[in-house]
Amino acid sequence: MVYNHIEGKVLNVGEQMQTISVVSKNLSISSRMLRYYEQMGLIKSGRVENYAYRVYDEDAVRKLRQIIILRKLRVPVKQIREIFGNKDAVGVIEVFEDNINQLDEEITALSTVKSILRRLVDELRDKANLHLQLDYLGDSSVFAAVDGLTFPKNILQEEKSMDDLNKANESLGKLRDSDVRIVYLPPMTVASAYFSGVAEFGVGVEATGMIEKFVYDNDLLKIKPDARGMGFAFSDEVPATEYEAWVSIPDDMEVKPPLTKKTFQGGMFAAHVLRDWSFEDWGLLADWVRSSEKYEEAEGLPHFEEVLNYYNLMMGGAKMEDTQLDLLFPIKRKS
């Protein structure tokens, strides 16, 4: 959901800029790994005025392609950072030569492992009809060979760092109870804008833009400063092709086409503040509901995205990157 504060203004996103979801899809890399590379200082993202999502320019995308190639060549992230920071070809050559030497060491070690495993297979085949014993593994010569194996330090360190990253990802990949609030949305009358199709900046932008025009044309926030702005997609597909945006209004306010006037009966929701505009959090919130002992999904209610402090965003000059968004997952108590 992105709000355009000035009626009719086209968001200033150049053709060369790509959102995090587009880059993730085009390069087959998770958005979490993109953020990791950014934290490591390998790439930089930017934000465009009044546009909530991270965007990457051509230089960042080009660097990402280079990172992906280097990682497939098993160059550690730490060394990739050295390569990017080294304008001297000799220095880069030294990094690659060092990796070649370490690969030679690893190939030698793996060759030894392969030889031992092959001998073990041959031994077991010779004794296939006997009670299985692994006496061979206690052979002093085998022990000496295995004990002497060495693998490149940077490979082990890389495995450890990836293990640490995976553990961190696992903790980030779950919502704790303290991350979720149980809220009740009250009944309300709303003005609704619906958009379907393909839009340059997403169907949510088109629908919320219609709502913004309605808010400003009717001075809604002077009449109802506690108005709530929210919206929802009609499916989980990415990008969404249908979106409906709402703003709460006084019960007696007139609503003209293309907007419609609706009555929302209210309901109970599991709420989670969106972190860093990463809509992957929808999946985390759904997992929390599915694993809850107290609650389950309530059918028939939308999965809302609600702007917190709507007045400040629309009238107070707040920027989109400073705006919080609540994800609201419809729930009911388990019987």
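The values are calculated or read from the model by the stated rules, or taken from the named source; none is laboratory data. In this text, all values refer to a predicted model and were calculated from it rather than measured experimentally. Backbone-built Cβ (ideal geometry, glycine too); neighbour counts: all protein chains shown. The protein model used for the area step is the full one, side chains on, heavy atoms only, and it has no ligands, DNA or RNA in it. Shrake-Rupley method; radii C 1.70, N 1.55, O 1.52, S 1.80 Å.
Tabulated data for the structure shown
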quantity: In segment 201-231, the residues that are of a type in the set (Lys, Arg), surrounded by fewer than 18 Cβ atoms within 10 Å (Cβ to Cβ) and not in a helix (DSSP H, G or I); calculated: 224
quantity: Identity of the residue in segment 314-331, modelled with pLDDT of 80 or more and touching a Phe, Trp or Tyr at 6+ places or on another chain (Cβ under 7 Å), that ends up surrounded by the fewest Cβ atoms within 10 Å (Cβ to Cβ); calculated: 330
quantity: Qualifying residue in segment 232-243 (condition: closer than 17 Å to residue 311 by Cβ and not in a helix (DSSP H, G or I)); calculated: no
quantity: Failed item, numbered, when residue 259 is tested on (1) modelled with pLDDT of 95 or more; (2) farther than 21 Å from residue 183 by Cα; (3) surrounded by fewer than 19 Cβ atoms within 10 Å (Cβ to Cβ); calculated: (3)
quantity: Neighbours by Cβ (under 6 Å, 6+ apart or cross-chain): first from segment 176-190, closer than 19 Å to residue 325 by Cβ; second of a type in the set (S, T, N, Q); calculated: 188/248; 190/248
quantity: Criterion violated by residue 44 - all others in (1) at pLDDT below 85; (2) farther than 30 Å from residue 215 by Cβ; (3) loosely packed, with under 14 Cβ neighbours inside 10 Å satisfied; calculated: (1)
quantity: Qualifying positions in segment 262-291 - part of a strand (DSSP E or B) and either farther than 18 Å from residue 229 by Cα or open to solvent by 40 Å² or more (accessible area, probe 1.4 Å) (or both); calculated: 262, 263, 268, 273
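Rundown of residues vs (1) open to solvent by less than 50 Å² (accessible area, probe 1.4 Å); (2) modelled with pLDDT of 80 or more; (3) not in a helix (DSSP H, G or I), yes/no style:
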position	(1), (2), (3)
1	yes, no, yes
6	no, no, yes
10	no, no, yes
13	yes, no, yes
25	no, yes, no
35	yes, no, no
49	no, no, yes
60	yes, yes, no
